[in-house]
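Structure record follows, encoded as structure tokens.
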Amino acid sequence: VVLRPGSGSRQQEPLGGADGLALASDLGGTVNFLAMVENLQGDSGRGYYLEMLIGTPPQALNILVDTGSSNFAVAGVPDPDVTSYFNPELSSTYKSQGIDVTVKYSQGSWSGVLGTDVITIPKGIYGSYTINIATILESENFFLPGVKWHGILGLAYSALAKPSSSVETFFDSLVQQAKIPNIFSLQMCGAGLPVSGSGTNGGSLVLGGIEPSLYQGDIWYTPIKEEWYYQVEILKLEVGGQNLELDCREYNADKAIVDSGTTLLRLPQKVFSAVVQAIARTSLIQEFSSGFWTGSQLACWDKTERPWSLFPKLSIYLRDENSSRSFRISVLPQLYIQPILGIGENLQCYRFGISSSTNALVIGATVMEGFYVVFDRAQRRVGFAVSPCAEVDGSPVSEIEGPFTTADVASNCVSSISFHEPVLWIASYALMSLCGIILLVLIILLLIPPRCQHRYTDNDVVNDESSLVRHRWK
């Protein structure tokens, strides 16, 4: 890849330019990024998925693309909510590792067994690759009615992999075996379309680089603060051009992440309340049911009306690679006031595409559908560019502007110790209790005559690092 200057930022494009061809390092061959355009289907309500062929002979499955987790897992037994599943017994190349694995999400969980097998991606990198794969044997609220995917492709870092970070992730394996650059990019095209529609909205997952036809203008990059989720630093939010005037640490409490597996824009409770108040104050609607803001009620208008004109623009400021500067990504109401249900011939109902969160700000599909998002792991940064498919009635519904000065915000809006994490709170209290017990035992042992003391062996030592691995929370 080569870099060339953009207006106030850096824009990255593949060697070979707009024809979408880039050299794959060490192979001497080419990766055709254009072949990956439109390789996703789905919608913002139920996720975007990629077709994969797994095993020998190949079994075709649709796999959900999730940048907020790190395990590659597929249904391994029949399930009433999935139309297909992977049968390891029918694959001559499948090898079980005999390791049980459980992954919990904010909604839903699954348990299965780790193994390896070969995969190919019809509209992806050419060739077959051996990948760690978990076969899901039991699940709860994971496969839901109406979903058209049969597994999940976790594209985050190995720190989130279960049962431990030693499990090589799908994309790490692909980078190693296919010799592609450590970068992928994602476009989800569902702006203005029904949240749970036909499930055939377009989208693109470009593995190993950037496809110029999928964005307009410059790519603006923000640093990855920590390599577990794609954690970024948010400096401020504006509603209708008005700053919420919150301490910037509120936006990052206790983390801010970019997650394609989350359907909404999720905001910490204090930020969510401020955003709702600002939207209600600046909208052209005098009275609005509180149930709409909390997600328990829909708002309906005549199908001839366009309610988006009643609502303000929402802007998120991200720190630039140059820490003294920032840029903002903005979504128009067409992205966060989302059509979901038609009633009769005359009414169209909408939901609020923003919700509250107890432990993170999550840039999910509500925002991501406005942009081409670049996950540049090699240079530890996430890039945003305007997506040409983010249009409703022929008009763009997303914007990127910058650079802006960061003189009005703190030099660091992210806490260096993220002990707001519920699991870490529990672990810290448990460790403190354990230390207290150990101290008490040592005192007792010091008081016991030497002949009664036990001689410890290696078998007495328990070292379970995986018990401290952070769970995935959305």
Set ILE279, ILE285, ILE340: member being farther than 27 Å from ASP66 by Cα, out of contact with any His (no Cβ under 7 Å at 6 or more places or on another chain), aliphatic (A, V, I, L, M) and modelled with pLDDT under 90
ILE285
Please find, within the stretch 179-191, the residue that is surrounded by the fewest Cβ atoms within 10 Å (Cβ to Cβ) out of those that are in contact with an Asp or Glu (Cβ under 6 Å, 6 or more places away or on another chain) and farther than 30 Å from ILE337 by Cβ.
LYS179
Surrounded by fewer than 20 Cβ atoms within 10 Å (Cβ to Cβ) and either in contact with a Gly (Cβ under 7 Å, 6 or more places away or on another chain) or within 28 Å of LEU246 (Cβ to Cβ) (or both): does that describe ALA410?
yes
So for the stretch 385-394 (the condition being open to solvent by 10 Å² or more (accessible area, probe 1.4 Å), of a type in the set (Val, Ile, Thr) and more than 27 Å from TRP301 (Cβ to Cβ)), does at least one residue qualify?
yes
Quick one: would you say GLU238 is among the acidic types (Asp, Glu) and either in contact with a helix residue (DSSP H, G or I) (Cβ under 9 Å, 6 or more places away or on another chain) or at pLDDT 95 or above (or both)?
yes
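Let's see how each residue does on (1) open to solvent by 20 Å² or more (accessible area, probe 1.4 Å); (2) assigned by the TED database to the domain that holds ASP320; (3) within 30 Å of ALA278 (Cβ to Cβ); (4) free of Cβ contacts under 8 Å to residues at least 40 places away in the same chain:
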site: VAL206; (1), (2), (3), (4): no, yes, no, no
site: ILE210; (1), (2), (3), (4): no, yes, no, no
site: ILE219; (1), (2), (3), (4): no, yes, yes, no
site: THR222; (1), (2), (3), (4): no, yes, yes, no
site: LEU237; (1), (2), (3), (4): no, yes, yes, no
site: GLY241; (1), (2), (3), (4): yes, yes, yes, no
site: ARG249; (1), (2), (3), (4): yes, yes, yes, no
site: ASN252; (1), (2), (3), (4): no, yes, yes, no
site: SER260; (1), (2), (3), (4): no, yes, yes, no
Say whether the condition of being under 19 Å from the mean Cα position of the chain (by Cα), surrounded by fewer than 22 Cβ atoms within 10 Å (Cβ to Cβ) and charged (D, E, K, R) is met by at least one residue in the stretch 164-178.
yes
Elements of type strands (runs of 3 or more DSSP E) in the stretch 340-383, at least 2 residues being without any contact (Cβ under 8 Å) to a residue 12 or more places away in the chain:
none
Please tell me if GLN187 is assigned by the TED database to the domain that holds ALA378 and not β-branched (Val, Ile, Thr).
yes
For the stretch 116-145, enumerate the residues that are under 28 Å from ASN182 (Cα atoms), open to solvent by 20 Å² or more (accessible area, probe 1.4 Å) and in a loop (DSSP other than H, G, I, E, B).
PRO122, LYS123, TYR126, GLY127, SER128
Can you find a residue that is in contact (Cβ under 8 Å) with a residue 12 or more places away in the chain, within 29 Å of SER387 (Cβ to Cβ), of a type in the set (D, E, K, R) and not assigned by the TED database to the domain that holds GLY394 anywhere in the stretch 150-171?
no
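The values are calculated or read from the model by the stated rules, or taken from the named source; none is laboratory data. Note that the structure is predicted; figures quoted are calculated from it, not measured. Neighbour counts run over all protein chains shown; Cβ positions are idealised from the backbone, glycine included. The area values use the complete protein model at the heavy-atom level, side chains included, leaving out ligands, DNA and RNA. Shrake-Rupley method; radii C 1.70, N 1.55, O 1.52, S 1.80 Å.
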